Amino acid sequence: MSNIEQTLSIIKPDAVERNLIEKIKSIFTKNNLTIKEDKKIHITKDEAAEFYKVHQSKPFYNDLCTYLSSGPIVVMILEGENAVVHNRKLMGATNPKNAEENTIRKLYGISIDKNSVHGSDSIDNAKKEINFFFKS
Ligand code: IDP
Ligand code: MG
């Protein structure tokens, strides 16, 4: 049975800065994820803090919010079969050092904080995150 989902992907400042937008997009499209919407934006630190609210108790929260608001990002709605899990698999582990070969983070990530991409981790969070950036 088919299970078409949507998930939110972000190309983070380190990857935008290194002109990796098209390379990363092509990994999604070659792997049967359709880019339904996409926009390049530069968010404020307050917006980043709101987006990453689930991490507010973590020691790295402040740096994380500073980082996500440090330069332009590309936010995308990806759609496809099991999109949430599929995107997480294409991204690879949070720390690029631990990411599997040929994942986005293994190919392009610099460090645990500059790890090139964000992806929703559940259907529920995907809905919230899509709504956060693409309010209808
Ligand atoms: P994820 O992006 O793989 O879902 P999360 O645990 O949700 O990973 O963390 C959100 C983001 O916070 C990560 O992508 C990474 O940029 C950053 N982060 C996570 N753990 C650490 C850490 O231990 N030090 C610094 N930054 C971290
Ligand atoms: Mg996460």
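Across Glu100, Glu22, Glu79, mean-square fluctuation computed from a Gaussian network of the chain (C-alpha pairs under 10 Å connected) peaks at Glu22. Per-residue ellipticity at 222 nm from helix content only, as computed over the chain with -39500 (n - 2.57) for each DSSP H run of at least four residues, stands at -10500 deg cm²/dmol. The alpha-carbon atoms of the chain, seen along their principal axes, cover 42, 35, 26 angstrom, with the largest extent given first. If only the Cβ of Lys and Arg carry +1 and only the Cβ of Asp and Glu carry -1, the dipole of the stretch 5-136 around its Cα centre is close to 180 debye. Our estimate of slack between Ile35 and Glu22, defined as 0.36 nm per intervening residue step minus the Cα-Cα distance, is 3.5 nm.
Dipole of the stretch 1-111 computed with +1 at Lys/Arg Cβ and -1 at Asp/Glu Cβ about the Cα centre; of Asn19, Gln56, Ala83, farthest Cα towards the positive end is Asn19. Electrostatic bookkeeping for Val16 treats Lys and Arg as +1 and Asp and Glu as -1; over the other residues with beta carbon under 13 Å from its beta carbon, the sum is +3. For every other residue with a beta carbon closer than 9 angstrom to the beta carbon of Ile4, add +1 if it is Lys or Arg and -1 if Asp or Glu, then tell me the sum. That works out to -3.
Is the shape of the stretch 1-60 best called rounded, prolate or oblate, per the rule: a/c under 1.5 gives rounded, else a/b larger than b/c gives prolate, else oblate, with a ≥ b ≥ c the square roots of the Cα gyration tensor eigenvalues? Walk me through the numbers before you get to the answer.
Values: a/c = 2.34, a/b = 1.41, b/c = 1.66.
Verdict is oblate for the stretch 1-60.
The numbers here are math on the coordinates, done by the rules we state, and not lab data. The shown structure was predicted, so the numbers you read here are calculated from the model rather than taken from an experiment. Positions of Cβ are generated from backbone atoms using ideal geometry, with glycine treated the same way; all protein chains shown enter the neighbour counts.
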